[in-house]
Each structure stands twice: as C-alpha cells, then as structure tokens.
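A short write-up of the structure that comes next.
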Amino acid sequence: MSTASRPMARVGKPTGPLLRHRLADRGINARLLLLVPGLVFIVMLFVYPFLYGLTLSFQPMDGGGPFDSYRRFFEDSFQSSTIWKTLKLAIPSALFNVLASVPIAYRLRGKFRGKRFLTTVLVIPITLGTVLTAEGLLNFLGPAGWFNRALMSAGVINEPLPLINNYWGVFFSIVISGFPFAFLLILSYLSGIDPSLERAASTLGADWKERFRRITLPLLAPGLATTFCLTFVLAFSVFPSAILVGDPTNTTRVISIAAYQAAIEQYDWSFASAIAMIMGVIEIAVIGLVQLWRSQFYVGSTGGKGA
Amino acid sequence: MTNASFSELRLESVGRSFGEQEALAGLDLTIRSGEFIALLGPSGCGKSTALNCLAGLLPLTAGSIWMDSRRIDTLPPEKRGFGMVFQNYALFPHLTVRKNIDFGLQMRHLPKADVARRSTEAVRLVHLEEHAGKLPGQLSGGQQQRVAIARAVVLEPSLVLMDEPLSNLDAKLRLEMRTEIRRLHQSLGLTTVYVTHDQEEALSMADRLVVLRAGRVQQIGTPAELHTQPVNWHVADFMGFRNLFPATVVNGGRGVLGDEVVVDVDGLRLVGAAAAPITVGEKAAVGIRPEDLQIIAPNDPGTTAGNVIRAKVSVVEYQGREFAVEVRTATGIRLHLRTPIRLDAGDVVDLRVPAERLLVFPGGNDLPVEEAPLGETASADGRLLREAS
Ligand SMILES: Nc1ncnc2c1ncn2[C@@H]1O[C@H](COP(=O)(O)OP(=O)(O)O)[C@@H](O)[C@H]1O
Ligand SMILES: [Mg+2]
C-alpha cells in the first residue's frame with residue numbers, strides 16, 4: 001500500500017484501526033445524513049404532538065394537581081370502564097383474526113391457480129373503510145337483514161337475532177376489516193418458510209399435524225405475534241363502527257369515544273389528552289406482553305426463498 | 001411405520017410429468033439391499049424428480065414402486081421410512097443440532113433413553129460432539145451437511161436418498177465428505193440412492209450408476225462398465241470422452257472386421273470399436289478420451305500403422321504433473337489430450353489412438369456444434385476456419 005498515492009489515508013496509530021473505519025464498522029458514516037428529512041418529519045408529526053399532549057394532560061382545565069385529569073378518569077367508573085370494554089372487543093377480535101387466518105393460510109400457502117385473485121378479493125374489505133362495512137353489516141345482519149330473514153324463513157329462529165347495535169356488531173366490523181389484513185400478513189410469513197423443511201420433516205416420519213406443530217408453528221410464531229399486535233392496535237382504536245353498528249352509550253362505549261367526547265363535546269383538552277395517554281400505555285403494555293411471549297421463540301432466518 | 005428392510009426395491013416404468021413436460025419417463029430400476037446407486041446426469045435431466053418420486057414427495061404420473069411384494073408408491077413420505085438428505089440440507093433452523101437429530105426418533109415414539117442414546121451415537125458418528133447444542137445457523141456448510149446426514153441415518157432407514165449433498169461445498173470439503181459418505185455406507189450397510197451431476201463423484205462412490213438424460217435412462221451399469229463401454233455418445237460425454245466428433249462409417253459394422261469399424265472423418269480414415277450395432281454408411285460419433293491420445297515421434301514406424309492424426313497445438317495448460325493440451329487438425333477438429341511432454345502453441349504433433357480405445361457410436365447428427373472460442377471465427381457450417389496467425 002502506498003500512502004503517497006492516497007494523501008488522505010494517514011497511517012493510523014499502531015494500536016488500532018482508523019477512527020473512520022471504527023465508526024464505519026458500527027454503521028456510522030456520511031450516509032446517515034439521509035435520515036435527517038425523515039427524522040424531521042417524525043419529530044414534527046409524532047414527537048411534537050405527543051409531547052404537547054403529554055404536557056396538556058398534566059394541566060387540568062379547572063386547575064388542580066397535575067394528575068387530576070388521570071384521577072378523574074379512574075375515579076369515574078363510567079370513564080374507566082371504557083378500558084375494559086375496549087380490551088374486551090380488541091383482544092378477542094385480534095385473536096380471532098390471527099387464529100382464523102392460520103389454518104386458511106396454511107392450506108393456501110403453496111402455489112395454486114387463482115391465488116392472486118383470492119388475495120385481491122381479500123384486499124377489498126380493507127379498502128372499503130369502516131363506514132361502508134358498517135352499512136353492509138346493517139343490511140346483512142340487522143333485524144330485517146338477509147341473514148335473520150333467511151334463518152327465520154328456514155324456521156331456525158322465531159325472532160331476529162340481535163347481531164348489531166351491540167357488542168357483536170362491532171366485533172364483526174373489526175373482523176371484516178382486520179381479517180384480510182391478518183390473513184395476508186400470515187400468508188406472506190408462511191411463504192417465507194422454506195417448504196423443504198416440511199418435506200424433510202415428512203421423510204423423518206412426521207404427519208401433517210406434527211409438521212405443523214413442531215416445524216411450521218414455531219417458525220411462524222414471531223409472525224403471529226407481529227400480526228396480533230398490528231390487528232390489536234387497529235381494533236383498540238376502533239371508533240366509527242363502535243358508533244355505527246355498536247351500542248355507543250353503553251356496552252361499546254370504547255375508550256376512543258370517551259376521548260372524543262372529552263375533546264369535542266366538553267372541550268376538555270387536558271382530560272382528552274390524559275385519555276389518549278392512557279390508551280397509549282395500555283397498547284404498549286399489551287404489545288410488550290406479546291413481545292415477551294415472542295422472545296421465547298427462534299427469530300432467525302426461516303431458511304427460505306419461499307413459495 | 002415401515003422400517004423393515006427389503007431385499008429389493010423395484011421401480012417399474014416410473015414417470016412424472018409436469019403438465020405437458022415429461023420430467024421423468026420409463027424409469028425401470030431394481031435396487032438391491034445394501035447397494036449404493038448413483039443417479040447421474042446434467043442439470044434438469046430429472047434426477048431430483050426421480051428421487052422425490054422415490055421419497056413420496058412427488059406423486060407419480062406413471063408406473064409403480066414395489067418394496068419386495070408391497071406396493072409403496074401410494075404411501076405418503078412419512079409412511080415409507082426412507083431417509084433423505086436435501087441439497088440445501090433443510091435443517092430445522094429453530095432446533096439445535098441435537099434436536100434436529102432427535103426429531104425423527106421422537107416421531108417414532110421411541111423411549112426417551114433410546115432417543116438420547118441413538119442421537120448421541122449419531123452425533124459422534126459425524127464428529128459433531130462439540131456442536132450438538134448449536135443452532136444450524138451457527139454451523140459451517142460442511143457441518144450442516146453432517147447434521148443432515150446424521151439426521152437421516154440415525155433412523156437406520158431401509159433406504160437413504162441424497163440429492164446432490166455435496167454440491168454446496170468447496171472442492172476440498174467435497175472430497176472429504178465423499179469419502180465419509182462412502183465410509184458411512186460401508187459401516188452401516190445402508191442402501192443408498194445418490195443424485196449427482198458430477199461423474200467423478202458418481203464413479204468413485206457408487207456400486208451402480210444410472211445415467212439420465214432429458215428424463216430418460218441412457219444406461220445402467222457398474223462404474224467400470226460405464227467407463228469402458230458407454231452405449232451412446234451422451235453417456236460417453238459424461239464419462240470423460242471429451243473428444244467427440246462426427247464421422248461416417250465406411251467399413252465394418254456387420255462386415256468381416258467384426259466389432260471393428262472404419263470411419264471417415266473429413267477424409268481421414270480411423271479404425272475403432274463399435275460401441276453399439278452400426279452399419280456402413282451410417283453417420284456416427286467418434287469418442288476418444290484425452291488420456292488415450294498418445295503423441296508419437298514424427299518418424300516413428302507407428303506413423304504408417306494407421307490411426308494417426310496430425311494436428312497443431314493451440315492451447316497448453318499446466319496442470320501439475322502433466323499438461324492439458326488442445327490441438328486442432330487441418331480440417332478444424334478440436335482435440336484434447338494430456339501429456340507430460342512440454343509443448344508450445346504452434347507445434348505440430350502426430351497423435352495415435354489404439355483402435356480399441358476409439359469408440360464409434362451410432363447417430364452423430366445431434367452432436368453439439370462446437371462454438372468458436374474467443375479470437376477465432378466459425379464458418380457457416382460450424383467448422384472452424386484456420387487461425388489467421
Ligand atoms: N414443480 C415443477 N413444475 C414444473 N416443472 C418442473 C418442476 N420440477 C421440475 N420440473 C422440470 O422437470 C425437469 C427435471 O427437473 P429436476 O428433476 O429438478 O432436474 P435435476 O434435479 O436433474 O436438475 C426440469 O426440466 C424442470 O424444469
Ligand atoms: Mg436437482
């Protein structure tokens with residue numbers, strides 16, 4: 001190596017490599033500057049409003065101590081019960097979305113004719129938006145909807161089943177918008193698992209149940225955790241369908257309704273901010289628990305080019 | 001679970017098509033217990049297809065497979081009790097080496113103590129004692145390969161299937177593992193079907209070889225049979241007959257010369273041995289191994305004895321103990337030979353080949369047209385023009 005031809009490359013101390021090389025080894029170089037626009041964007045749109053809301057939540061509208069807004073929320077059971085109501089909707093529906101997706105995606109993981117068509121059809125509910133879904137649900141599951149009429153004319157039931165304007169209406173709405181999302185995610189996680197692993201397991205004497213339980217499921221678990229978290233977060237902030245197809249004054253008065261009413265109907269921004277903070281903490285707690293569960297599993301490469 | 005050994009495994013006109021395309025057709029093969037069979041052929045010739053059909057990973061579209069008197073081609077892979085080593089190893093990435101090896105034993109519902117004993121033994125067999133607790137991702141390619149082999153043989157399967165198990169390893173490791181697989185085969189007496197595209201590997205390891213081309217069997221035989229008596233030029237090509245060129249039969253065939261035939265190569269008469277029945281006037285392919293071409297001194301009395309080809313040296317490669325030399329005849333045929341004599345490009349040499357080492361195969365029409373190497377131009381009929389220099 002000639003130093004003469006490269007005047008910039010000083011001979012380093014004999015004790016170690018150049019500082020620049022040491023930094024580069026940790027991924028620190030001039031290209032990091034490219035992150036700046038993104039960081040500015042995140043700070044303006046996320047960090048700043050978050051910190052603003054956080055400070056606001058410690059400044060109750062009618063004076064009082066910094067934690068008064070929080071205390072008000074937890075002391076009033078009409079408000080604090082929204083946490084439980086929301087969790088009761090979000091956790092079962094997210095679980096349902098994940099658990100129902102797994103067997104279907106498992107069956108459909110290979111290549112088959114019409115796979116692209118199926119995935120396209122499944123994306124449609126996501127694009128519809130909650131309002132259209134709610135309208136559809138009203139028509140389909142309402143007291144005079146097709147579903148109840150069909151059951152009644154078949155003589156299965158005498159009175160329409162109460163399927164909307166209650167807990168189940170919101171549940172169905174969350175499933176309709178969340179299931180395709182969960183299904184597509186899980187399908188892509190599954191196709192990332194090298195198909196030869198299952199073939200290997202079968203030559204070792206494992207039937208499909210053993211193959212699923214001992215090979216596919218453990219490799220899929222991290223993907224399931226991620227999918228659960230995403231659908232949970234979507235369900236936890238459910239708002240339009242809780243009003244449109246739920247029972248928004250009682251059983252489906254979810255936490256986002258509480259926040260909405262505080263902010264828009266009572267103009268109590270401090271109280272609304274406190275509720276928003278509580279929402280965030282609960283979401284983070286649930287995600288944390290799920291990640292804890294996930295950490296028990298192998299998270300490395302699943303060895304595959306996929307299907 | 002069928003771990004029972006067999007005395008023979010018969011494949012009867014086994015075929016597999018993908019839509020219109022026949023990936024494998026009419027495979028008839030009887031595998032005797034304890035045999036090491038190699039399926040040999042170029043990439044895409046249907047080797048993996050054949051192996052997957054045997055393993056039960058691919059349903060057949062024709063034929064049947066029999067284990068003695070039991071038909072097995074309708075059984076799912078987990079019921080066949082064959083071990084398989086995959087080309088990409090297919091180790092379970094979330095299980096340690098030890099647990100990968102335990103897997104098959106646990107599937108057989110063996111008592112815990114037996115599982116532990118047999119997997120310890122298997123780990124020792126492939127020298128991985130220190131790595132038993134590691135995940136496959138933490139091992140080198142060669143070590144992963146050993147795990148894959150241990151995982152398959154720990155069940156003492158009645159048949160072990162290996163799909164190009166050494167193709168992802170470097171040259172040195174490949175040689176080592178080759179010996180090791182052969183050693184394992186001999187010490188455990190496992191019946192093995194081994195897929196490879198490497199003729200040297202197949203010749204050195206197998207008891208019998210099955211040469212495939214475009215989904216069809218070309219020849220089945222021992223390494224020696226294939227080495228000395230390939231039945232067509234495709235097999236010859238695979239068996240190291242690097243010099244293959246078209247010719248016309250002018251004498252012999254069913255004539256007085258018996259097995260001996262005389263061929264015409266662009267005016268040059270050569271005497272050879274017919275590798276298959278062939279008649280006068282037929283187009284043929286002539287095959288000569290590089291090591292069977294001898295350089296003779298210009299005024300050697302052999303010059304008049306026939307089977308002498310005069311050619312000019314075009315490329316010399318140093319290869320340790322000898323030189324690999326490429327020469328070209330006046331009519332443009334390219335020949336390869338090996339010699340300890342130091343030659344230079346441009347030298348003119350006389351080459352002789354013993355008549356019994358010059359094989360004449362029927363059907364030289366489909367010989368590949370040689371491509372002109374860099375720096376030379378090909379004439380319209382594919383023959384090479386003389387070098388400008
Ligand atoms: N799943 C498949 N679908 C369609 N064609 C296939 C499939 N698998 C293999 N083939 C075709 O069958 C032929 C033989 O393939 P394969 O047995 O993998 O060859 P080899 O292992 O000898 O390289 C190839 O031409 C390949 O394109
Ligand atoms: Mg292959």
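The values are calculated or read from the model by the stated rules, or taken from the named source; none is laboratory data. Computed from a predicted structure; not experimentally measured. Every residue, glycine among them, receives a Cβ derived from its backbone with ideal geometry; neighbour counts consider all protein chains shown. Surface accessibility is based on the protein's heavy atoms, side chains included, excluding ligands, DNA and RNA. Shrake-Rupley method; radii C 1.70, N 1.55, O 1.52, S 1.80 Å.
A few remarks follow.
- One residue stands out among those in segment A:12-61 that are open to solvent by 100 Å² or more (accessible area, probe 1.4 Å) and in a loop (DSSP other than H, G, I, E, B): the one that is farthest from A:I275 (Cα to Cα), which is A:P14.
- B:R118 being more than 12 Å from every other protein chain (Cβ to nearest Cβ), part of a helix (DSSP H, G or I), without any contact (Cβ under 8 Å) to a residue 60 or more places away in the chain and open to solvent by 40 Å² or more (accessible area, probe 1.4 Å): yes
- Reported count of residues in segment B:122-179, each being within 16 Å of ligand 2 (Cβ to nearest atom) and either touching a strand residue (DSSP E or B) at 6+ places or on another chain (Cβ under 6 Å) or basic (K, R) (or both), is 6.
- B:D102 more than 14 Å from every other protein chain (Cβ to nearest Cβ), without any contact (Cβ under 8 Å) to a residue 40 or more places away in the chain and over 26 Å from B:S48 (Cβ atoms): no
- When B:G364 is tested against (1) within 22 Å of the chain's Cα centre (by Cα); (2) part of a strand (DSSP E or B), just one condition goes unmet, and that condition is (2).
- Restricting attention to segment A:258-307 and to residues that are of a type in the set (A, V, I, L, M, F, W, C) and within 14 Å of another protein chain (Cβ to nearest Cβ), the residue that is least open to solvent (accessible area, probe 1.4 Å) turns out to be A:F297.
- Verdict on B:L9 being within 16 Å of ligand 1 (Cβ to nearest atom) and either open to solvent by 10 Å² or more (accessible area, probe 1.4 Å) or under 23 Å from the mean Cα position of the chain (by Cα) (or both): no
- Among the candidates B:A152, B:A90, B:A148, B:A113, residue that is more than 8 Å from every other protein chain (Cβ to nearest Cβ) and surrounded by 14 or more Cβ atoms within 10 Å (Cβ to Cβ): B:A148
- Residues in segment B:129-145 that are more than 11 Å from chain A (Cβ to nearest Cβ) and open to solvent by 10 Å² or more (accessible area, probe 1.4 Å): B:E129, B:E130, B:H131, B:A132, B:G133, B:K134, B:L139, B:S140, B:G141, B:Q143.
- Any pair with Cβ under 6 angstrom, 6 or more apart, that starts in segment B:160-185 at a residue that is under 22 Å from B:F82 (Cα atoms) and ends at one that is more than 16 Å from ligand 2 (Cβ to nearest atom) and assigned to a helix (DSSP H, G or I): B:V160/B:A152; B:L166/B:R174; B:L166/B:M177; B:R182/B:M205
For (1) farther than 28 Å from B:S187 by Cα; (2) touching a residue at least 24 places away in the same chain (Cβ under 8 Å); (3) more than 13 Å from ligand 2 (Cβ to nearest atom), each residue gets a yes or a no:
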{"site": "B:L11", "(1), (2), (3)": "no, yes, yes"}
{"site": "B:G19", "(1), (2), (3)": "yes, no, yes"}
{"site": "B:G34", "(1), (2), (3)": "no, yes, yes"}
{"site": "B:G41", "(1), (2), (3)": "no, yes, no"}
{"site": "B:G44", "(1), (2), (3)": "yes, no, no"}
{"site": "B:S48", "(1), (2), (3)": "no, yes, no"}
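- When A:P240 is tested against the conditions (1) at pLDDT 90 or above; (2) under 26 Å from A:K88 (Cβ atoms), the lone failure is (1).
- When segment B:18-34 is filtered for residues that are in a strand (DSSP E or B) and either away from ligand 1 (no atom under 15 Å from the Cβ) or within 14 Å of chain A (Cβ to nearest Cβ) (or both), the ones remaining, listed by number, are B:F18, B:D28, B:L29, B:T30, B:I31, B:R32.
- Taking the conditions (1) open to solvent by less than 10 Å² (accessible area, probe 1.4 Å); (2) more than 14 Å from every other protein chain (Cβ to nearest Cβ) in turn, B:G81 satisfies each one other than (2).
- Remark: pairs (first residue in segment A:141-160, at negative phi; second residue aromatic (F, W, Y) and assigned to a helix (DSSP H, G or I); Cβ separation under 8 Å; 6+ apart in sequence or on different chains) = A:L141/A:F147; A:L141/A:F172; A:W146/A:F140; A:F147/A:F140.
- Hey, B:R70 more than 9 Å from every other protein chain (Cβ to nearest Cβ), in contact with a helix residue (DSSP H, G or I) (Cβ under 8 Å, 6 or more places away or on another chain) and either over 27 Å from B:G19 (Cα atoms) or surrounded by fewer than 19 Cβ atoms within 10 Å (Cβ to Cβ) (or both) or not: no
- Top-ranked residue of segment A:178-221 - restricted to ones that are surrounded by fewer than 23 Cβ atoms within 10 Å (Cβ to Cβ) and among the small types (G, A, S), ranked as farthest from the other protein chains (Cβ to nearest Cβ): A:S188
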